[in-house]
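What follows is a single structure, written as structure tokens, with notes after it.
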Amino acid sequence: MMQELKLQEEPLSTPVARGRGTAIVVTSGKGGVGKTTTVANLGTALAQRGHDVVLVDADVGLRNLDIVLGLENRVKHHLLDVLEEQASLDDALVADKHSPQLRLLASAQTREKDDVDTQKMRALIESLAQRFDYVLIDCPAGIERGFQNAIAGADEAIVVCTPEVSAVRDVDRVVGLLGNRFRPRLIVNRVRPELVAKGKMLSVDDVNSILRLPLLGVIADEPQVLIASNRGEPLALDGSSKAGAAYRAIAARLRGDDVAMPDVTVARPGFIKKLSAFFGGRR
């Protein structure tokens with residue numbers, strides 16, 4: 001059972017042995033910024049473009065990705081079942097209801113992050129990268145053991161940040177831990193242009209004046225995002241949703257297409273200076 005999984009003895013800093021696919025961890029440090037929603041919608045958008053995609057819920061103990069995808073009733077085995085050889089990888093992968101090329105590996109809901117063997121997690125992600133074009137890993141909040149498990153087999157990183165000072169500070173810390181190896185790129189989530197224009201919310205430029213990362217995409221705050229998540233119907237499937245269009249644009253940019261981002265940026269130079277001072281004057 002699980003013949004494709006082999007323990008790796010090299011340290012986590014060693015570059016991942018590449019298969020045909022790319023493993024991308026979606027992280028932020030702070031909880032509640034929309035990582036899981038981003039993984040579900042980005043994975044759906046990539047699958048809709050014809051790519052073979054697997055989503056891995058690495059948030060052991062707090063399983064939610066299956067709910068956002070509407071797959072909670074299909075989950076029979078989870079991540080730790082596979083790592084502990086209680087179930088085969090094929091038995092644990094759940095087929096999506098909307099996209100035939102999308103699969104989910106759900107997390108364990110009644111276990112702890114410390115139960116995960118990091119080297120086995122790395123081997124699992126490497127195995128998945130041999131089978132899928134994209135492996136998207138939903139990283140738990142924080143920078144402790146769960147974070148280390150989630151990044152263990154990743155090639156690249158996407159960091160999700162909301163336009164809040166606390167979220168920017170947490171992402172800044174995560175980017176420092178990731179370093180250059182993961183080539184982190186930024187998604188700014190839950191932007192409300194009307195509040196940005198009134199000076200009541202950070203703009204995308206404000207956020208990235210500190211983080212200084214390649215900007216992969218911007219998601220405006222829409223009530224439909226929460227509604228779609230509760231229904232298990234990713235907005236990337238909705239042709240009339242602006243947020244859905246933004247997720248599809250991010251998927252296109254991720255694969256290298258020259259696609260414009262939605263224009264929800266409002267620059268306020270005076271606030272950028274104030275925000276920079278909050279981070280010790282670093283620009």
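The values are calculated or read from the model by the stated rules, or taken from the named source; none is laboratory data. Here the structure is a predicted model, which means the values were calculated and not measured. Ideal geometry is used to build each Cβ from the backbone, glycine not excepted, and the neighbour counts take in all protein chains shown. The protein model used for the area step is the full one, side chains on, heavy atoms only, and it has no ligands, DNA or RNA in it. Shrake-Rupley method; radii C 1.70, N 1.55, O 1.52, S 1.80 Å.
Expressed as a whole percent, the accessible surface of segment 19-282 that belongs to carbon and sulfur atoms is 46, based on a 1.4 Å probe.
Provide the net charge surrounding VAL39, with neighbours chosen by a C-beta distance below 12 Å and charges set as Lys +1, Arg +1, Asp -1, Glu -1. Summing Lys/Arg as +1 and Asp/Glu as -1 gives -3. For segment 47-134, just say rounded, prolate or oblate: build the C-alpha gyration tensor, square-root its eigenvalues into a ≥ b ≥ c, call rounded for a/c under 1.5, and beyond that prolate if a/b exceeds b/c, oblate if not. It is oblate, given that a/c is not under 1.5 and a/b is not larger than b/c. For the pair VAL165 and GLN224, a Förster radius of 35 Å applied to the C-beta separation gives a FRET efficiency near 0.85, rounded to the nearest 0.05. Net length available on complete extension from GLN86 to ARG183 is 31.5 nm, with 0.36 nm assigned per residue and the Cα-Cα distance removed. The fraction of all Cα pairs in the chain landing in successive 10 Å bins from 0 to the largest distance is 7, 31, 36, 20, 6, 1, given as whole percents.
My understanding is that a pair violates if its Cα-Cα distance is over 29 Å; which of LYS35/LYS200; LYS113/LYS200; LYS120/LYS242; LYS76/LYS120 do that in this structure?
As for pairs spanning more than 29 Å Cα to Cα, those are LYS113/LYS200; LYS120/LYS242.
Given +1 at the Cβ of Lys and Arg, -1 at the Cβ of Asp and Glu and no other charges, the dipole of the chain around its Cα centre is 1200 debye to the nearest 20.
Report the full-extension gain for the segment LYS200 to ARG255: residue separation times 0.36 nm, less the Cα-Cα distance, to one decimal in nm.
16.4 nm
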